[in-house]
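Below: one structure, written as structure tokens.
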Amino acid sequence: MGNTRHKVVVVGGGITGLSAAFYAKAALRESGLDADVRLIEKSGRLGGRINTLRRDGFVIEKGPDSFLARKLPIIELSRALGLEDELVGTNPNAKKTYILHKGKLHRMPQGLVLGIPTEWSPFLKTGLISTAGKARAALDLVLPKRTDPSDESLGHFLERRLGREVLENIAEPLLAGIYAGDTFQLSLAATFPQFRAVEQKKRSLVLGMMASRKEGQALPGLPAAAKSSVFLTYKNGLSTLVERLEAELGDIVQTGRGIVSLSQHIAADGRAEYDLELDSGERITADAVVLTQPAAATAKLLAGIPEAEHLAGIRYVSVANVILAFDAKDIPLPLDGTGYVIPRKEGTTITACTWTSTKWLHTAPQGKVLLRCYVGRSGAEQWVHWSDEELIAKVRTDLREMHGIQAEPLFQEITRLPHSMPQYPVGHLDALRRLRARLASERPGVYVAGAALEGVGLPDCIRQGRDAAKSAVDYIRGHR
């Protein structure tokens, strides 16, 4: 079979799929294999949820707006694409972040790491937690670690370690906001596995996070921009990454075509090959396939694999964001930080607000203000039935009550993201391991990756795409 030209097909053109195609090309080039890569994307555009709007001197993110600076997969990809100099951190003079509590903004205590206090003095002074709540949180210092190795929910873990008040007033709006989820339904192992790891290593979550914070300060391999900023983006928005990947991949990308079915046949030499039928009627034969689309779509292509039913059952939450631009003179409240998050018990329409033009200095012209308001989370999706006018009115009511903003915005942008936030159930990673074991046995050469599997952040998706691509190329190398 030495003269046969092999093929890797990547299904899905979000950041996971783009990364998979990029790394598959690189791995094939390095290995000297005679093989092609093809990426198929059902929609007419690439990048998935990444969507930067550039208008009137503003840089506006309609999807995700940044990524964690200390997660190396996106840093390494940026370097490979020659984009390291495009990275930019948050405004060094905007260190404050707020939480809404009983209708008022309270500064988040300094020293919080993922909602966990690592400095006691600021935590003890905060008005977000009662005296009894602070005493309960301090019990973490003496409580024993959990010995049961099974997964548990994020909410149960945090309540067990720090108490209900810290969970509801600080941790839930910060952490669940990442997933727009209910902490008592989200898997700890799939969302914040480092919490369980530090509990097992240090017994105390607080002491463990203190130690991890000090260790993290010495993490090697970070760009200069990451040394002073927790979050990074690109000077011209996150679409910079998508545009560079699209240019690198060139004509191997095909948009506007979906995959209808995926079937296996055994070639004359005994190798497994895969037939992909497109909705255009075209058929493609591949040696290896990387599936990166939403969970239900992947499950459909894996019909007949019992373990794939787990993917079909993953629930997604719908969210939206509303961007509002103003003249700075029309904002009565000083925007002296990055914004605020809102616990669900406050009962507002918006779940968080980023003071984008303060947090990211490159996003608005001088004298202008850009606000980004988030709407929707698990158990609060009634907004999907509202018109754009109703949604804007509700958001502006919240801003008027919290900020006193009466002025008409210069412009507004609404981005609805239906069924966009996957909710990892307790036991998710175990189910995923069983699925991958079944695929290795019965569908060798088929790999699954994406936000619904092992992390919704851009670096997590890039890592999954990279790892799946390398596995696909290793598989072809071993079976040619």
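The numbers here are math on the coordinates, done by the rules we state, and not lab data. Everything numeric here is computed off the predicted structure, so don't read it as measured data. No Cβ is skipped: glycine too gets one built from the backbone with ideal geometry, and neighbour counts run over all protein chains shown.
Listed values, structure above:
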{"read-out": "Translational diffusion of the range 1-119, µm² s⁻¹ [Kirkwood Rh, Cα pairs; Stokes-Einstein; 10 °C; 1.306 mPa s]", "value": "86 µm²/s"}
{"read-out": "Relative contact order of the range 295-438, pairs being alpha-carbon contacts under 8 Å that are 6 or more residues apart, as %", "value": "37 percent"}
{"read-out": "Residue order, fewest to most beta carbons within 10 Å, for ASP279, ASP251", "value": "ASP251, ASP279"}
{"read-out": "Residue-averaged [θ]222 nm for the chain, counting only DSSP H segments that reach four residues, each worth -39500 (n - 2.57)", "value": "-9500 deg cm²/dmol"}
{"read-out": "Average Cα contact separation per residue, the range 110-216, under 8 Å, 6 or more apart, as relative contact order %", "value": "34 percent"}
{"read-out": "Partner aspartates and glutamates for LYS134 [C-alpha distance under 12 Å; skip if fewer than 8 residues away on the same chain]", "value": "GLU165"}
{"read-out": "Table column - 3J(HN,Hα) (Hz), the range 146-158, Karplus curve with 6.51, -1.76, 1.60, x for Gly and Pro", "value": "6, 9, 5, x, 5, 5, 9, 6, 4, x, 5, 4, 5"}
{"read-out": "Cross-link table LYS104/LYS235; LYS104/LYS394; LYS71/LYS470; LYS96/LYS235; LYS345/LYS368; LYS235/LYS368, entries beyond 28 Å C-alpha to C-alpha", "value": "LYS104/LYS235; LYS345/LYS368"}
{"read-out": "Length-normalised contact order for the chain - Cα pairs under 8 Å, 6+ apart - percent", "value": "25 percent"}
{"read-out": "Compactness relative to 2.2 N^0.38 Å, alpha carbon Rg of the range 110-216", "value": "0.98"}
{"read-out": "Fewest-first sequence of ARG160, ARG400 by Cβ atoms within 10 Å of each Cβ", "value": "ARG400, ARG160"}
{"read-out": "Order of VAL230, VAL37 under a 10 Å beta carbon neighbour criterion, fewest first", "value": "VAL230, VAL37"}
{"read-out": "Spin-label model distance (nm) - GLU309 vs LEU143, 7 Å beyond Cα toward Cβ", "value": "3.5 nm"}
{"read-out": "Where the Cα pairs of the range 337-448 fall when distances are cut into 10 Å bins, in %", "value": "11, 32, 25, 14, 14, 4, 0"}
{"read-out": "Ellipsoid equivalent to the range 194-264 - semi-axes via the Cα gyration tensor, in Å", "value": "39, 23, 10"}
